[in-house]
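Novice: Before I ask anything, let me first share the structure, which is written out below as structure tokens.
The values are calculated or read from the model by the stated rules, or taken from the named source; none is laboratory data. The structure presented is a predicted model; accordingly, all values stated were derived computationally and were not measured. Here Cβ is always computed from backbone atoms with ideal geometry, including for glycine, and neighbour counts include all displayed protein chains. Side chains are part of the model used for accessible areas, which takes the heavy atoms of the whole protein and leaves out ligands, DNA and RNA. Shrake-Rupley method; radii C 1.70, N 1.55, O 1.52, S 1.80 Å.
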Amino acid sequence: MQTPHIPVLLDEVNEIFKNFDKGDFLDCTLGYAGHSKRLLELHPNLHLIACDQDETALNFSKKYLENFKERTEFYHCNFSQILDKISTNNLRGILADIGVSSLQLDENERGFSLNSDFLDMRMNQNESLSAYELVNFYPKEKLALIFKEYGELKDAEFLADKICKQRAKKEIKSAKELYQIVGDAKLGKRKISKATLLFQALRIEVNGELDALNHFLTRLENLRLKDCILAVICFHSLEDRMVKNFFKKWSKDCICDDLALKCECGANHSLGKILSKKPIVPNESEKKKNSRSSCAKMRVFYFQNQG
């Protein structure tokens, strides 16, 4: 049985967790279990806790990891919810691969790709809000805000106006139609198109991705974990920036105001240390084999034993 999705930075993830001895490992975005299977094979004392909001992916992974069923437990939920459902006392490793799987992108019915005949983009098919509702019923001002904040598009208002004028004539039913309305113009000198960033913005809004990541990282901060490595893989700058800022905050000993003349907080507030001073990115060989890995960035943090 082969996984339909190629896991990114697989060797690098294995290197990060190479000293994993025993305890619980949380794969909070299991997908098609590419990372988790390799880790289960390499670490016989690893107990896997895994969750995914995509029921199709979760059901596949349960079969894919059948040989390890004595060491696995699964949850159908968003990764932002998993920490409220499990015991975290024995957590020694956490992996969060915050991205869309190849299967989701390639599956026409899911409506993620530019040429899809559908307009959906829900990672959890049980949710009611889809990209169809956003595109056809969101006010122009709200669409523009989404395109500006989540797609970082300078002409967000123009694009929102263009969509609203078109939907006034006829509802937009497919990603393919939306792509034709937006056009395939590139963003300045970058290879990426405006349409790709606009689709990214819609997907983030539909799935509440940034809110989920913020909630997840805030929960981790409040847990004050001990002797645990966290690795987060992101695929766009908004997520990566959020992770970078959380890690920077967690590694600070002193939390006094920058204007303070001397430290008054005790300088003992650090939760641990950053293990990746710069983001870990795919090598050229991986990029050639899997072009979708090219924008992946992994950051790693170690929650130290607080005594």
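Novice: Can you pull the accessible area of Val100 for me, 1.4 Å probe, Å² to the nearest 10?
Specialist: That residue has around 30 Å² of solvent-accessible surface.
Novice: When the chain is fully extended, how far beyond the present Cα-Cα distance does Asp117 get from Ile255, taking 0.36 nm per residue of separation?
Specialist: Here the answer is 44.6 nm.
Novice: With runs of 4+ DSSP H residues as the only contributors, calculate the mean residue ellipticity of the chain at 222 nm using -39,500 (n - 2.57) per run, divided by the residue total and rounded to the nearest 500.
Specialist: The per-residue figure over the chain is -11500 deg cm²/dmol.
Novice: Another question, then. Apply 1/(1 + (r/R0)^6) to the Cβ-Cβ distance of Asn45 and Leu223, taking R0 = 22 Å, and write down the FRET efficiency to the nearest 0.05.
Specialist: 0.45
Novice: Cα centroid distance between the range 120-148 and the range 208-242, in Å?
Specialist: The range 120-148 and the range 208-242 have Cα centres separated by 24 Å.
Novice: Another question, then. Given Lys22/Lys288; Lys85/Lys148; Lys249/Lys287; Lys249/Lys297, which pairs have Cα atoms separated by over 25 Å?
Specialist: Table pairs above 25 Å Cα-Cα are Lys22/Lys288; Lys85/Lys148; Lys249/Lys287.
Novice: While we're looking at this one, here's another question. Take the alpha-carbon positions of the range 46-141, form their convex hull, and give its projected area averaged over all directions (one quarter of the hull surface) in nm².
Specialist: Taking the Cα atoms of the range 46-141, their convex hull projects to 8.2 nm² on average.
Novice: Highest mean first, how do 38-45, 114-121 rank when packing is the count of other Cβ atoms within 10 Å averaged over residues?
Specialist: So the peptides 38-45, 114-121, ranked by packing, come out 114-121, 38-45.
Novice: How about Lys176: which lysines have a C-alpha closer than 18 Å to its C-alpha, ignoring those fewer than 8 places off in the same chain?
Specialist: Reachable lysines: Lys162, Lys165, Lys186, Lys194.
Novice: Also: Relative contact order (percent) for the range 126-255, with alpha-carbon contacts under 8 angstrom and 6 or more residues of separation?
Specialist: The value is 23 percent.
Novice: Follow-up question, since we're still on this one. Any idea of the accessible area per residue across the range 1-140, 1.4 Å probe, to the nearest Å²?
Specialist: Per-residue accessible area for the range 1-140 comes out at 45 Å².
Novice: Order the peptides 49-60, 239-250 from the highest to the lowest mean number of other Cβ atoms within 10 Å of their residues.
Specialist: 49-60, 239-250
Novice: Follow-up. Normalising by the residue count of the range 27-89, find the relative contact order in percent from Cα pairs under 8 Å and 6+ residues apart.
Specialist: Value for the range 27-89: 37 percent.
Novice: Using 0.36 nm per residue of separation minus the Cα-Cα distance, give me the extension gain between Lys162 and Glu284 in nm, one decimal.
Specialist: 40.1 nm
Novice: May I pose another question? So if we plug the beta-carbon distance of Ser237 and Ser270 into 1/(1 + (r/R0)^6) with R0 = 35 Å, what FRET efficiency do we get, rounded to 0.05?
Specialist: 0.85
Novice: While we're looking at this one, here's another question. Give, in nm to one decimal, the length gained when the segment between Asn19 and Leu129 is fully stretched (0.36 nm per residue of separation minus the Cα-Cα distance).
Specialist: 35.4 nm
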